[in-house]
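Undergrad: One structure follows; several queries about it will come next.
The values are calculated or read from the model by the stated rules, or taken from the named source; none is laboratory data. Quantities reported herein were computed from a predicted structural model and do not represent experimental measurements. We place every Cβ from the backbone using ideal geometry, glycine too, and count neighbours over all the protein chains shown. The protein model used for the area step is the full one, side chains on, heavy atoms only, and it has no ligands, DNA or RNA in it. Shrake-Rupley method; radii C 1.70, N 1.55, O 1.52, S 1.80 Å.
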Amino acid sequence: MFNKGQVAGLMKQAQAMQDNLKKAQDELAFVEVTGESGSGLVKVTMTCGHEVKRVELDASVMSDDKEMLEDLLVVAFNAAAQEAERVSQERMGKLTSGMPGMPGGLKLPF
C-alpha cells in the first residue's frame with residue numbers, strides 16, 4: 001500500500017493542514033459579519049466565533065411593541081449566525097479543497 005516515504009509525506013501534509021486550519025480558525029475569531037432584520041432596522045454584528053460585538057436598533061423600532069422588537073432581534077441574531085457559518089465554511093473549505101480524499105461536504109472543525 002504505502003511505503004515509509006509516502007507515509008512520512010502524508011503525515012507532513014496532515015500536520016501542515018492542521019496548522020493551516022488552526023491559523024484560519026484563529027483568524028475567523030476576528031472576522032465580523034452582520035445579520036439584519038426589518039429591512040435593516042435591527043442589525044447584529046458578531047464574529048465568526050459567534051461573539052456578539054454590536055446590536056444596532058433604529059429609533060423607530062423602539063416605539064414598536066415589545067414582542068415585535070424581540071422577533072426582530074431573534075431574526076437578526078440568526079441571520080448573523082448563519083452568515084458566520086457561511087463565511088467559516090467558505091474559508092475552511094478553501095484549505096481542504098486540494099487535499100486528496102477529503103470529502104467535499106466535510107464540516108470543520110472535526
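Undergrad: Which pairs have Cβ atoms under 9 Å, sit 6 or more apart or on different chains, and link a residue in the stretch 5-24 that is over 19 Å from Cys48 (Cα atoms) to one that is loosely packed, with under 11 Cβ neighbours inside 10 Å?
TA: Hits for this filter: Leu10/Phe2.
Undergrad: Can you pull out the strands (runs of 3 or more DSSP E) entirely within the stretch 5-69 that have at least 1 residues that are open to solvent by 80 Å² or more (accessible area, probe 1.4 Å)?
TA: Result: 32-37, 52-57.
Undergrad: If you go through the stretch 79-95 one residue at a time, do you hit one that is outside any helix (DSSP H, G or I) and either within 30 Å of Gln13 (Cα to Cα) or at pLDDT 95 or above (or both)?
TA: No - not one qualifying residue is present in the stretch 79-95.
Undergrad: How many residues does the stretch 70-79 contain that are of a type outside the set (Phe, Trp, Tyr) and open to solvent by 60 Å² or more (accessible area, probe 1.4 Å)?
TA: So the count comes out to 5.
Undergrad: Still on this model: Across the stretch 53-63, what is the total count of residues that are farther than 12 Å from Lys43 by Cα and touching a Leu at 6+ places or on another chain (Cβ under 8 Å)?
TA: Total meeting the criteria: 2.
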